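The values are calculated or read from the model by the stated rules, or taken from the named source; none is laboratory data. Keep in mind it's a predicted model, so treat the numbers as computed, not measured. So basically every Cβ, Gly included, is an ideal-geometry build from the backbone, and we count neighbours across all protein chains shown. Surface accessibility is based on the protein's heavy atoms, side chains included, excluding ligands, DNA and RNA. Shrake-Rupley method; radii C 1.70, N 1.55, O 1.52, S 1.80 Å.
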Amino acid sequence: MAHRQRHRSDADPVTDRADKTCASCGRRIEWRAKWANNWDSVKYCSAACRSHGVNTTDLQLETTIVSLLHKSARDATICPSDAARAIGGEEWRDLMEPARRAARRMVARGELQITQGGVVVDPSTAKGAIRLRTPR
């Protein structure tokens, strides 16, 4: 029995999957079979991230993170809470998760590194306290 030869038009689902990060939360998007036909248009990891999107507070947090890092020493780190406090005032705790999301988006763009214990970690899997620094 003759086997069908593979042509360039035959899409290989494994090699066609480029690494992606969510436009809202900055976490790595895990490929799903239901996205096979429209993988190129997938921007968000979940319905919650799609509905949240990126708002002006998120952009303001990114700007604040950049300015705080520029004000500090070259090898210094900051906590996401520093950016949340700078913007939120008394309500800064409500901005902690948005600040972490902003940091993950910045890591995806190569503008930032997230560390734990002085070691660069994967922002998609990091749990607990994190620090932010400029790339080295």
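Here is a yes/no grid of residues against (1) touching a strand residue (DSSP E or B) at 6+ places or on another chain (Cβ under 9 Å); (2) assigned to a helix (DSSP H, G or I); (3) among the polar types (S, T, N, Q); (4) at pLDDT below 95:
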site: D40; (1), (2), (3), (4): no, yes, no, yes
site: D58; (1), (2), (3), (4): no, yes, no, yes
site: S67; (1), (2), (3), (4): no, yes, yes, no
site: D75; (1), (2), (3), (4): yes, no, no, yes
site: G89; (1), (2), (3), (4): no, yes, no, yes
site: T125; (1), (2), (3), (4): yes, no, yes, yes
site: G128; (1), (2), (3), (4): yes, no, no, yes
site: L132; (1), (2), (3), (4): yes, no, no, no
site: R136; (1), (2), (3), (4): yes, no, no, yes
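For R85, the test of being open to solvent by 50 Å² or more (accessible area, probe 1.4 Å), of a type outside the set (S, T, Y), over 20 Å from S24 (Cα atoms) and part of a loop (DSSP other than H, G, I, E, B) is failed. Taken over the stretch 57-80, the criterion of being out of contact with any helix residue (DSSP H, G or I) (no Cβ under 6 Å at 6 or more places or on another chain) and open to solvent by less than 20 Å² (accessible area, probe 1.4 Å) is satisfied by L69 alone.
Given (1) under 17 Å from A129 (Cβ atoms); (2) surrounded by fewer than 16 Cβ atoms within 10 Å (Cβ to Cβ), where does E30 come up short, assuming only one miss? The single condition E30 does not satisfy is (1). Among the residues that make up the stretch 104-120, is at least one of them part of a helix (DSSP H, G or I), within 24 Å of A23 (Cβ to Cβ), in contact with a helix residue (DSSP H, G or I) (Cβ under 6 Å, 6 or more places away or on another chain) and open to solvent by 40 Å² or more (accessible area, probe 1.4 Å)? Among the residues of the stretch 104-120, not one is part of a helix (DSSP H, G or I), within 24 Å of A23 (Cβ to Cβ), in contact with a helix residue (DSSP H, G or I) (Cβ under 6 Å, 6 or more places away or on another chain) and open to solvent by 40 Å² or more (accessible area, probe 1.4 Å), which makes the answer no.
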